[in-house]
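Note sheet for the following structure.
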Amino acid sequence: MNWLSEFWASFLEHLKEHFTIGDIGEKINEAILQVQHYLVIGDVKVVLTDAVIVTWIAVGIFAILFAIMAHKPKIKPDTKQTFVELLVGIVVDVAKSFGMRDEEARHIAPMIGTFAIMITACNTISFFGVAPPAKNIGFPIAMALCAIVYVIYVSIRFVGFKGFGKMLVHPMGFMLPFKIIDILVRPVSLCLRLFGNVFGAFVFMEFLHTVIPIIVPAAFGMWFDIADGMLQAAIFSYLTIYYIGESIEVGHEMQEHPELFVKKKKEKKNKKNSTETAAGEAAAATVE
């Protein structure tokens, strides 16, 4: 019976330590700090943060999962194939709702899906007690820059340089600096939205784990780690589609109704000629 009494004494002691609150700020600070590892390749030492390692693991798991689900599509789809096709259909429908043509919507679907899968994987992994990569500001910055570069690239691909340039000066030329500022602000908005939500949820969950270590964190984790992580992925993907649709709207209008833009140029030219003629007649009348 000695071993049983020793076991319970040790168990109660560890349980008491587990429920001892201690310095909350210090524990949260330890959780926030980045863990660095080094990959040595010859004489080169590459810094690997925990965000990079967790990203590789999370994306690798989800990539394998979706590869299994989308492997060998069938004429009569099963549940896995139906789920994947449903996700693709949602992306295509949202893209078309922003004015994209069917072929354009299907063209961006793989990239938008990649953004969504990557952010979902990296956010939801925190449910298993692993710090999400987005708590490192470098991850949201990288995602936002990739998204905005893709928006510009695919917009030019769809409507050409002329159509994209027309968007920058629509409806008037003085809008150019404001449109450029808007493009520069977009990645900042995407980055801060993703970072703020994930970082806030991470700190809150660490607080709960410190103060109430059992049951309650698991219940809140269903929202802050899983549901909120998926929601942030959906918002990021949705805004990326919105930015593409907004960038190509004027280009599509120009392709479908070129006479409207030609007419505007002619009206501007005729107005200029009329002004010059009126000025000439006024000058002649003055001389007489």
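Structure data summary
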{"quantity": "Enumeration of residues in the stretch 222-232 that are crowded, with 21+ Cβ neighbours inside 10 Å and farther than 17 Å from F207 by Cβ", "calculated": "G229, Q232"}
{"quantity": "Filtered residue count, the stretch 36-66, keeping only those that are loosely packed, with under 13 Cβ neighbours inside 10 Å and either at pLDDT below 85 or at positive phi (or both)", "calculated": "12"}
{"quantity": "Any chance V216 is over 24 Å from the mean Cα position of the chain (by Cα), of a type outside the set (G, A, S) and either surrounded by fewer than 16 Cβ atoms within 10 Å (Cβ to Cβ) or modelled with pLDDT of 90 or more (or both)", "calculated": "yes"}
{"quantity": "Candidate set: the stretch 135-176, residues that are of a type outside the set (S, T, N, Q) and outside any helix (DSSP H, G or I); chosen: the one farthest from T120 (Cα to Cα)", "calculated": "M172"}
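The rows are residues; the columns are (1) under 26 Å from P140 (Cβ atoms); (2) in contact with an Asp or Glu (Cβ under 6 Å, 6 or more places away or on another chain).
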site	(1), (2)
K76	no, no
Q81	no, no
E85	no, no
V88	yes, no
K96	no, no
G99	no, yes
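The values are calculated or read from the model by the stated rules, or taken from the named source; none is laboratory data. Because the structure is predicted, anything quoted here is derived from the model rather than measured. Every residue, glycine among them, receives a Cβ derived from its backbone with ideal geometry; neighbour counts consider all protein chains shown.
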